Each structure stands twice: as structure tokens, then as C-alpha cells.
1. Out of the range B:37-61, which residues are closer than 14 Å to B:Asp79 by Cα and small (Gly, Ala, Ser)?
2. Out of curiosity, is A:His856 modelled with pLDDT of 85 or more, surrounded by fewer than 16 Cβ atoms within 10 Å (Cβ to Cβ) and more than 7 Å from every other protein chain (Cβ to nearest Cβ)?
3. Filter the range B:38-72 down to residues that are β-branched (Val, Ile, Thr) and more than 14 Å from chain A (Cβ to nearest Cβ) and give me whichever is farthest from A:Leu733 (Cα to Cα).
4. Could you tell me whether any residue of the range B:130-148 is within 14 Å of another protein chain (Cβ to nearest Cβ), surrounded by 20 or more Cβ atoms within 10 Å (Cβ to Cβ), free of Cβ contacts under 8 Å to residues at least 60 places away in the same chain and in a helix (DSSP H, G or I)?
5. Residue check, B:Gly99 against (1) at pLDDT below 95; (2) assigned to a helix (DSSP H, G or I); (3) surrounded by 20 or more Cβ atoms within 10 Å (Cβ to Cβ), all met but one. Which one?
6. State all residues of the range B:225-240 that are more than 7 Å from every other protein chain (Cβ to nearest Cβ), of a type outside the set (Val, Ile, Thr) and within 15 Å of the chain's Cα centre (by Cα); if no residue qualifies, say none.
7. Being of a type in the set (A, V, I, L, M) and under 29 Å from the mean Cα position of the chain (by Cα) is the filter here, so list the residues in the range A:800-816 that pass it.
Amino acid sequence: MVTPPQPIEDWFASNRWTPFEFQRETWRAYLEGRSGLVHAPTGMGKTLAVWLGPLAEELAHGSRAGSGGLRVLWITPLRALANDTLRNLRAAVDGLNIQWRVELRHGDTASSVRLRQRQKPPEALITTPESLSVLLSYPGASELFRNLRCAIVDEWHELLSTKRGVQTELALAHLRTLSAPQTMRTWGLSATLGNTEQAMRVLLGDSHPRRGHAHPSPLAQSEAVLIRGDAPKEIVVETILPDDIERFPWSGHIGLRLLDRVIAAVERARTTLIFTNVRSAAEIWFQAILKARPDLIGQVALHHGSLDRDIRQQVEQLLRDGRVKCVVCTSSLDLGVDFSPVDQVLQIGSPKGIARMMQRAGRSGHQPGAKSTVIGVPTMALEMIEFAAAREAAGAAPSSPSGKGRESVQVESRDPVDRPLDVLVQHMVTLASGDGFVADQLKDEVRMTHAFAHLSDREWQWCVDFVERGGTALTAYPQYSRILRDEASDRYAVSSKAIERMHRMSIGTITSDSAMKVAFANGSTLGTIEEGFISRLRPGDRFVFAGRVLELLRTHNMTAFVRPAKQTSGLITRWGGAKAPLSTLLSDAIRRKFDEARRGVFDSIEMQLVRPLLDVQARWSRIPAPDETLIEATRTREGHHLYVFSFEGRLVNEGLCALVAHRVTQREPRSVQVTGNDYGFELQTPKHLHVDEELLREILSTDRLVEDLLACVNTSALAQRQFREVARIAGLLFPGFPGQPKSVRQLQASSSLFYEVFTQFDPGNLLLDQARREVLDRELEVARMRRTLERIERSRLVIVHTEHLTPLSFPLWAESLRTQSVTSESWSARVHRMVVELEAAASAEVGETRIHHGDHGDARKSTRGSKARNRKRVAGTSRIKHG
Amino acid sequence: MLGQLLLCVSLRDLRGESSCKDADVLTIEWMNQQWGLLAEKALSWPAQRAAIVADVHFGKSAAFRARGVPVPEATTSQDLARLTHIVQQTRCERLIVLGDLLHARDGRGDATMRAVRLWRDLHPSLHILLVRGNHDHDAGDPPADWRIECVDEPHSSGGVWLRHAHQHSGDALTPAHPHRESRCVIAGHVHPCVHVHDSEGGPSARVPCFVFSQRSILLPAFGSFTGTHPVRPRAGDRVFAVAHNEVSEIATVAV
């Protein structure tokens, strides 16, 4: 048993801290040469648990001769966290009198600093996965990492189910090769997950050393250790509830009706975080609070991912110093060090997941004896059920007597990514830019990662061919090569300096939608907005962003120039990103609550309040039992509506939309519109649809599930959209930036062009295959969809023909913005119905076309006075077939 | 977010070889002449025994490959096969290219240049006229053995102005164009497409198009590996969408 060196005990004592048992356990494991994962809620001392291991080793053994240079690599997903981490790590190093330099390295680090870090590396380096890849892309990486003792990955649960996580896996596998024969330890810090064990295995790599690979992974050498940090404080889930349910909306997602109560709560506490689920909601609530209480200006701040980094850092500092009363934020404040002044957390709208809710609750109550509380603010009636369900599933207080204890609480899993070839291809070019690689050796190394453990020889060879000559066919891509093999050394290296430079600029897996900077005329920036949003605005239009009402002056390159508007309102900025769907755990809990209501059990204040609504549902339709699937059918002016309630979350339901729309339109030519939300989906069609059990069993069958999904997905915008991410990571697309050199501008092409060209001329391209796979797995959650359909297959279908829209169907009907249209009619059959909108303004020159985006010249204010008839008859055309 | 899902029953047959059924040609009358709109994205001008295309961009895939981005060369052979099809279908004596015949200097790869030269030899008596576009100024004129007559814009022919990029008469007068355009202008450069909406609520689409205005004709981009830019027609314009191997007029509606 190895005890921590005395200096560590002394340092703790001098700060009047006592080490937690799990910290001692972690230091012990590290000093025994083991790797592992420490999991616990945010804070709770994980950083010191893992950092003091290498420091203890340094104190015990000192610097071995010839083992200078980089010893510890600390990988963090967020640049924003890095400063806090730097502070904490340095404090320990200074407190223990260790002569180590601890430095930061990421995209914002000055290039002179970065150069020096490569030439004279510090003993400890804090960096991001992208910057680590950049380090590997320079020659000399093998020298740089030769004496690496330990790699630590912070917030691993955030990286785990993303391509950034795979990028990290690949980099770590390479570091293990570089640092051998010195055995490198790998440690991870993570929140608790449903699959924490698997998370550790993914981080540490394959446990079975491959034949021919001399350096087995950490798991094989000695047992890896999974260490659980201290249990969190008790969690309390409260809700702000309307006085009566009668006029509380059945639908709507922003719902400011409880604004006064929210403001009252903010006033009662010292510092409050108000979490919203999407950025536009954060903007809306920020505006609403200040409009209702202008006296709070300067005491309320806004924080989300599209705001400029400087603005975010200012807000974070205000939080740290306790100089702000309330911050309205998104998941942007989910990660990182706690802000100790925060003593209250509000959650607008359902958190959609247990882990997320518990994590946010944990941001409050740092005072001794305080509990972690989250106060839910429902934005529509049914969300009250979600809060009650989430509380029960989290084992939180106040709970009914039968509530389960905290030990049995389940949290969501995060599933690792399987074989993303785009990341592998990028990694190959990264290594080729640096010290180069030998194909067979790299193949073995890559197969040591969880992501590529099952990489086939064919897939591997395709990737090499892709970067070496474009594809497997020898003549398809003449005069193309990104990497070249040297005959003598058998090593692959990048084929030109220009390619090396372009590659380094585009390392990474984060694909942002084309984002425009928002800046004042003097150049100071506020943040970014999606191009799609700006393109619908004209100069003079007003919109709300970064908490201000702005007027658009003009757009130039990728920047929208604005000035503060005189008016106090404008269009709220919207982003296209998806909201997180309801997790399986939470949807199970919600269905349990519905079942309780059906049996007359209303055991919490939220359920009692929502009871009248559920009574309406029971009267007009039905509350489904656990072994039933509720289907409602109704008619409105728009046509025939079919509602299927699976309760399985938005992604699955939107996937079911695609599937059902396809199947319904295959039975006979018709057009349908489909909409999904967390509870179910709606199908709407103008032509009569006979709804009976036979139809439903057919369209909800698990038979041919994948084939039918592929049929919808293959020619769909969904696969093209996913392909965009794949194309970007694999190096087909380059992110544009203001002031980019002409050489980059000339390489701009849309991903849909690549998609078309590959589909036509290179259908065996595995990137296409990957995009389709990812659509099925990640966008449509096909595994979860299959389980849902299986559950529905086993259930009793209850079909209710309703006269009105019900509390369950109304929210779906109201979601008209998110409707998808599908048709099985041919283009020829539909084209006569197609219309194109005219340019809005009246101009002196009749009949000239203008490019939509560039046209600012005409008077936007011209009215639509004399409306043209809606359909212009097409005259004077004839079709002649040339024979 | 799933956005819009477009389910097409008929997959496009885009192989270079002519399919057994000829593509539709839509014939319309404009400015007192007959014009044929081909689904291969070409304009037939029977009165001049000419066929017109714009924005060919030969060598674009090669330019990308030279920079380390893999784009298949097969786009070139497909485009050449389409040109053959156009020549046969219109029985033209002249092929007019309204600019951007070549994409870039480093797109003049061996494979591309060889392929076009071979194609040229298949049509020895065809006269080819190139009205230079912005990409041509960068890429340089085609090789002499392609026997292409190169002129600058605007080029007068058959009573119309042939241009690469149409200068709107509403713009400020520039030194190069001291006179208002009083004749019809045929141009490309824009790579036009339109957003079309199903008036009965089916899926919408973005399709390349021809646009006929009072005094101009705007052609879709011919080249396979080219992008498109959305345009909005004005009152009085006629819009013809090219999709699924057919050309169809699209009704215009006021917003």
C-alpha cells in the first residue's frame, strides 16, 4: 500500500482540507502504475484526485536523468475551462514546490508561444483534442512525447459519444506508441453515466493486445480502476406552478406566463442560473426579464454558445465574483468548475434527461449543509408531468413515500461512436504531415481503439486509397494524392506543403453551420448567427441577439454589420440546431406517470394540478395503459389526421414520421405531411385515409425497417446534411473565413455537390456509406426506433376517432413549423402545381431577374398593394419531342 | 433537426450515353423567335442553327484534385457526352459557350485536356464560339488545337448580345458599357436555380432553371460539378425548371 508523500498531506493540512477517500484511492492506483476513470458529479475534488498522482510520483522519484520534457498531458474539451484548470493545476504545483511549468495550448494560443512549446515543452500541457492533433501533425512528435507519463482526459463523458472523442481515442493510441517502452498511464474524469464501465474501456483502448503490437494497452498491463467519487448531495426538484391549469397552454415552448414567479424567485436568492434548452429561448427570457424589470439591468446577464468568447468570459467572471444576480444560459454553462456564488438553479422547460437535470441541480447549493435544488418552470401543461417523472426517476426530494432511494438511480448512457472513417482519414493525414506512418503499423495501432476495434481490412484499405489516390479505382482521380508512400522507408508522408498547411487549418471535427459574425461598425464582435437567419433579413430589419435589439446595416463576406436599434423589439434570432430529445429513461418514467393517472393516483402537486387536463384526455380520448398504444384519428379543415403516441422522444418520432410517410405513400400515390414531437407523431393527408388496425400494423411493423428507412434516407436531404459533416471532417470541404486566401475560396463547393458526384460516379465511396449509417444510428436512432416498434407490436392498439384535438394531439397539430412533406407522386405529376415566388419589390424595370441575396437596391417598403392573382396561367408553350 | 425530406420515385438517369428516350425539349417563342430549352441545360436557337450553353467549367474537378480534394474525373466525360447529345438533338452548326469554358489554370490537367481534344475531333465541322467569362480570363484561352473562336463580351450575333455575365441596365453606367442594352441579352454566370413550392403542400425543391425576362435570357450552368445560386424572378419573367430529365415552366406567384 503506497501512501501519498508527506508533502501532499502537509499541503492539504495547510489549506485545512482533508483528502477524500476516493482521492487517496486514485493516488494509490496511479502510483501502482494503473490507469482508470474517476467519476462523480462536477466539482467534488476529481481534479486533485487525478492531478496529484503524477505530482506524488515526481516528489517520490524526482526527475530521472534523461527524462525531461513533457510528462503530463491534460486534455479538456472546452477552451473556456482551460483557464480554470490551469489555475488549479498551478496552485497544486506551487503549493508542493515542484519545479514544473504548466501551460495552455489551444487555438487561441499565440503562435510564438506554440512554437516554443514544441521546441522547449513544459512539463505539463493543457490542451484540446484538436490542438493535440495539431501537435501530432508536426514532425518531431515522437521526440516531444517520448517521456510522457500520463494523459488525463477531463469531462470524458462529454467527448465519449462524439467524433471528438474518437479523435481523442486515436491520438491517445498514438501517444501510447510514442511513449513506449515507458508505460503511459491514461486517466479520465467523468460525470456518472449509465455506462461508466464502458466509458472507461473506450478511453483506455482495447484490452486485448493485437498480434505483432509490442505495446499493449493499459487495460492489459494491470487492471484498470473505476473509482467513484463521493455521492452527491441530496437533490431536490421543485416546480413553479401556475395557480390554475385552466388557462395554461396546451402547447408552446417558450411560455412566458410564469415570468413574474421566475423574477420573484430570482430576487429571493443571491445568484441564480436560469437554464433554457435552446439559445433563442435564452434570448427571449433575457429580454422578457429586463422588459418587466428595467431596474435589473446590469444585474442580469446572458450566456450561450453563439456569443463572442470575450462576452462569455466577462459573464463567467461576474459569476465567479458574485457580481451578477442572474444569468440566463443554455448548456453553455453545463461544464466546468462550479461558480460558488450560485445558490439557485432554474430550468425552463423539461430538461429531457435525468443526468442533465441532476447535473444542473448540482450547480447550486455549495454552502455547507445546502441541498442541490433545481426549480422547474413548465412552459406547457404536460411538462408538469415531465418534472414529476424526472423527480421520481432521479430519486429526488420531495418524493412520495414509495420513491426509490438514491442508490438505485439510473442515468442515461452515452454510446460511443462506431467506425467513423472520416475521423480516421483526417488522422492519417495528420500523422502523414508529421513524422509519417507505416501502413501496417498504423492499422494495428488504430485497431487498439474502441472505435476501430472492428475495422475490416477492406475498410482500412479504402481509407488509405482515399487519401492516397481518391478511391480504389486507379484512374478515377488522376493527378490526386494527399499522401505519398516513400519506397525506401515504407512511410507515408503528405504530398505537398500546400496540402499540409490546408490540413492543419482544418483539423477538427466540429462542423458549424455557415455562421456569420455579428459585428458593430467599429469591428467589435458580438458573436455568430446562422447565415440562413441573416439571409432572410434586409438592411433596416431589427433582430434580437446577445441580449440587444440590433438593426442590420449590411452584410459583407461572412460578417453582418449592425448597430443598436432605437426600437425595443425585433425578431428573435433562431438557430437550426435540434433540441435534445427525451431520453429513454425519462420517457419510461413519463409513461409510468400517465399510467398512475389512469389508475387515479395523483401523488404529487404537479400531477394534482394537471389532473383536470388528464381528465379531458380521458373523456375525449383515452389515457393509455402500459400495454397499450394510443392512436387518435380526427378530421380538420386541412384534411385527415392520424396521431400515434409512442412517448419515445423527438428523434425516434421524427424517424417514425419518415418511415410511416414512406410506407403510407407507397400504398397509393398521395402526399402526406408529418410532424413529430417528444410524445408522438402526426400524419396529415388531404386524401381520405381509412384508419384501422390493419393499416397501423402494416405501417408500424418492424419488417423491413432498415430497408424502408434507407429508401427514405437515400435520396433525402437528411443524408445530404449528414454527409456535410462527414465531408468536412474527411477534408473535402474547408470552412470559409473572412479574409480567406483566394486558394481557399476557389475550393469552396457545397457538400451536396460532392454528394451528387460521389453518388453518381463513386457509389462505393465509404464516406457516403458512413453518412447513411450515421443518419440511421444517430439522427433516426434506429436501435431505439426498433425497440419502440417492437413494444408497439406487442401492445394493444387503441384507436380512438376523436371529434376535437386532445391535450395529447394538440401540441403536435400546433407544430406546423417542423412539418416534413413526403410524396410518392412523380415530379411530372407534381410540377404543374409548383410555384415560384416573385421578387417582392416593385421596380421600374419590369421583368429583370436579380440574385436574391445581393439585392438591396429596391424599396423594401413598397407595399403589396395590388396583389397579383395567385396563379398565373402559363401561356404560349408547347412541348415538342424531337424525334 | 430533420428539415425537409424529399422522396423521389424516379431516380435520374444521368449516364452520359443517350438513353433510349430523348429528353424533352420545350419550345417557346420569345422576342419573335423560336427557342428550344433542352433538359441537358442548353438553349437551341434554330434561326441561327446554333446551340448555346453557359458555365461549362471543364477542369474544375482537376483543379480540386490538384489541391488535394478528391473529385472524380468522370464528370468531364459525362459533360462531353451531354454536349454530343445536344449537338445531335439540335442539329446545330454552331456551338456557343457563354463563358467559363475552363475553370482554372490548375484545372488544365492532362486527363481533362486530352478528353476534350478527343471530343473535339468527333465533331470536326462544328463551329465553336467562346464568349470569355471571368474564369476564362484566369485559366487562359483553350489550346489552339481545340479550334475554338474566342471573343470578349459582349458579342453581337443574330441581333442579340451574347454575354457571360449580364449587366443590369438598372446599374450605374460603367465605362465598358456606355450604352443602355436595347437588344436582348443571353447570358450565364449566375448558375441560377429557383426554390419551388408545391401549392398543395407537398415537398418543395431547389431546381436549376432558365429565366426569360423582357430583354434577357439567363441560362443554367451546364457543368456537372457546379453549384447553383437561387434567383427570384420579377413580374413578367418566365421561369423554366430543369429536373428529372425534363424542362417545365413554373408558375410565378406574388409574395
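1. Matches in the range B:37-61: B:Ala39, B:Ala42, B:Ala54, B:Gly59, B:Ser61.
2. On the way: modelled with pLDDT of 85 or more: no; surrounded by fewer than 16 Cβ atoms within 10 Å (Cβ to Cβ): yes; more than 7 Å from every other protein chain (Cβ to nearest Cβ): yes.
In short, no.
3. Going residue by residue through the range B:38-72, those that are β-branched (Val, Ile, Thr) are B:52-53, B:56, B:69, B:71.
Adding the requirement that they be more than 14 Å from chain A (Cβ to nearest Cβ) leaves B:52-53, B:56.
Working: B:Ile52: 32, B:Val53: 28, B:Val56: 22 Å.
If we take residues in the range B:38-72 being β-branched (Val, Ile, Thr) and more than 14 Å from chain A (Cβ to nearest Cβ), then B:Ile52 is farthest from A:Leu733 (Cα to Cα).
4. no
5. Exception for B:Gly99: condition (2).
6. B:Phe240
7. Taking the range A:800-816 and keeping what is of a type in the set (A, V, I, L, M), we get A:800, A:805, A:808, A:812, A:814.
Those that are of a type in the set (A, V, I, L, M) and under 29 Å from the mean Cα position of the chain (by Cα): A:Leu808, A:Leu812, A:Ala814.
Listed here are the residues, each with its yes/no results for (1) surrounded by fewer than 24 Cβ atoms within 10 Å (Cβ to Cβ); (2) basic (Lys, Arg); (3) modelled with pLDDT of 85 or more; (4) touching a helix residue (DSSP H, G or I) at 6+ places or on another chain (Cβ under 6 Å).
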site	(1), (2), (3), (4)
A:Ala370	yes, no, no, no
A:Gly376	no, no, yes, yes
A:Met380	yes, no, yes, no
A:Ala389	no, no, yes, yes
A:Ser402	yes, no, no, no
A:Ser408	yes, no, no, no
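The values are calculated or read from the model by the stated rules, or taken from the named source; none is laboratory data. The structure displayed is predicted, hence computed values, not measured ones. Glycine gets a Cβ as well: all are built from the backbone with ideal geometry, and neighbour counts include every protein chain shown.
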